[in-house]
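Engineer: Below are the structure tokens for one structure; questions will follow.
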Amino acid sequence: MQKNSKNIYGLILSAGLSDRMGAYKPLLGYEGKSFIQNILDKLNYVCEKIIVVTGFRSKDIEKNVRDLNNEEINSKIEYIINKNFKIGMFSSLQKGSRACSKADWVLYHFVDQPSLPSKFYTDFTGQIDEEHNWIQPKIKEQKGHPILFKRDLCQIILNAPLNSNLRAISNDPKVNKKFWECGYAEIFQDIDTEEDYSKLN
């Protein structure tokens, strides 16, 4: 399968406390690897660079990624530390967006979606066109994640107040959305509690 020719940056938010989980989500195990290792393995194929926004336990995340012993992945990663991660997820999105100024597109990924298959990412990035600047997977009328957005939206994110959110950004009149009927139920994955995690394994 041919790699997309666009310059795509991966953006993973991995800064929070995971307090509802009772364990640290990025380092939870899935199929022999941590959540973040699983995601990086798949982003590696479609992304030229990968921004990982950390905050809480940043050194543990960096060590865990190094433990993949994958030189190609490690050479693509830039770690951004968000010291204000307790303010909320949007502050981490702003930190990460600032590092994506040279991207054509940004693949914005939550850290608790480790089970999307590799083919999802090539299919998803294959949806990129010149008419839209926001691409989101869906099944019927239910929208999921991750999201692809064009570089011009980074400035909209950076100009927004700290108490904003992605829903507010999506309603900006400059956002031209495309919804992709994808057929991958994993786009709805949201692992916030021990019960959620028990259903994954």
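The values are calculated or read from the model by the stated rules, or taken from the named source; none is laboratory data. From a predicted model like this one, the values you see are computed outputs, not experimental measurements. Reconstructed Cβ throughout: ideal geometry from the backbone, glycine too, with neighbour counts over all protein chains shown. Side chains are part of the model used for accessible areas, which takes the heavy atoms of the whole protein and leaves out ligands, DNA and RNA. Shrake-Rupley method; radii C 1.70, N 1.55, O 1.52, S 1.80 Å.
Engineer: Give me the percent of the accessible area of the range 1-126 that comes from carbon and sulfur atoms, probe 1.4 Å, all protein chains in place.
Structural biologist: Carbon and sulfur together cover 46 percent of it.
Engineer: Checking the table K42/K102; K49/K177; K86/K143; K25/K102; K33/K86; K25/K59 against a 18 Å threshold on Cα-Cα, which pairs fail?
Structural biologist: In this structure, K42/K102; K49/K177; K86/K143; K25/K102; K33/K86 exceed 18 Å between Cα atoms.
Engineer: A further question follows. Taking a ≥ b ≥ c as the square roots of the eigenvalues of the Cα gyration tensor of the range 1-113, is the shape rounded (a/c under 1.5), prolate (a/b larger than b/c) or oblate?
Structural biologist: It is oblate, given that a/c is not under 1.5 and a/b is not larger than b/c.
Engineer: In a Gaussian network model over the chain where Cα atoms closer than 10 Å are linked, find which of N44, N82, N176 has the largest mean-square fluctuation.
Structural biologist: N176
Engineer: Nearest 20 debye, what's the magnitude of the dipole of the chain about its Cα centre given +1 on Lys and Arg Cβ and -1 on Asp and Glu Cβ?
Structural biologist: 520 debye
Engineer: With unit charges on the beta carbons (Lys and Arg positive, Asp and Glu negative) and the dipole taken about the Cα centre of the chain, which residue among F90, F120, W180 sits farthest to the positive side?
Structural biologist: Ranked along the dipole, the leading option is F90.
Engineer: With the chain treated as a Gaussian network of Cα nodes joined by springs under 10 Å, which of N64, N159, N84 yields the largest mean-square fluctuation?
Structural biologist: N159
Engineer: Separate question: Quick check for you: with a 1.4 Å probe and neighbouring chains kept, what is the accessible area per residue of the range 99-201, in Å²?
Structural biologist: 50 Å²
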